[in-house]
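Q: This structure is in structure tokens; I'll ask about it shortly.
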Amino acid sequence: MCFQGHGNPQNLVARIVRIGLTDLDPTRVLKHCKHLFLAQGPYGLPAKTLGLPSAGSKTLWCTLHSYGIGGMELDSLYEEFMQREHCAECRDAQPHPEGWAWTRDWQAKQHQVYGDRFRGL
């Protein structure tokens, strides 16, 4: 499938797809702390068409301190956590072990534990 203007950053569909592909594997953010939980929110037609829910809204939560922030791009959400010092200076941070990687199975288990607790903002 080809999207016209895929190289143009102003092309909204291309941008959404790029976000979805980048955020398909959230290991790069979630590995920093066992208390981070990623909840995926609603997503639009481009994401539905491609079966790419990571191209929709998402909320990054700290399950220990009950703080969450929502948006489209995972890296921006994590950067905001760091800027507000929710993570940068946290004494409770517990990184995952070296080599840990996010999996759909791990995510499903996290949803069983935290899904009802962390809905919306």
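The values are calculated or read from the model by the stated rules, or taken from the named source; none is laboratory data. Fair warning: this is a prediction, and the values are worked out from it, not measured in the lab. When we count neighbours, we look across all protein chains shown, and the Cβ atoms used for this are built from the backbone with ideal geometry, even at glycine.
Q: Considering only residues that are at pLDDT 90 or above and among the acidic types (Asp, Glu), which ones fall in segment 94-121?
A: Selection gives GLU98, ASP105.
Q: Using beta carbons and a limit of 7 Å, which pairs, at least six apart or on different chains, have the first residue in segment 1-25 and modelled with pLDDT of 85 or more and outside any loop (DSSP other than H, G, I, E, B) and the second one exposed (fewer than 11 other Cβ atoms within 10 Å of the Cβ) and not basic (Lys, Arg)?
A: Cβ pairs passing all conditions: ARG15/PRO9.
Q: Could I ask something else about it? Is there a residue being in contact with a strand residue (DSSP E or B) (Cβ under 6 Å, 6 or more places away or on another chain), surrounded by 17 or more Cβ atoms within 10 Å (Cβ to Cβ), in a helix (DSSP H, G or I) and in contact (Cβ under 8 Å) with a residue 60 or more places away in the chain anywhere in segment 65-85?
A: Checked segment 65-85: no residue is in contact with a strand residue (DSSP E or B) (Cβ under 6 Å, 6 or more places away or on another chain), surrounded by 17 or more Cβ atoms within 10 Å (Cβ to Cβ), in a helix (DSSP H, G or I) and in contact (Cβ under 8 Å) with a residue 60 or more places away in the chain.
Q: Return the residue satisfying two criteria in turn: it lies in segment 70-93 and is modelled with pLDDT of 90 or more and among the hydrophobic types (A, V, I, L, M, F, W, C), and of such residues it is nearest to THR22 (Cα to Cα).
A: LEU74
Q: While we're here: Which one of these does PHE37 not meet: (1) part of a helix (DSSP H, G or I); (2) modelled with pLDDT of 85 or more?
A: Status for PHE37: all satisfied but (1).
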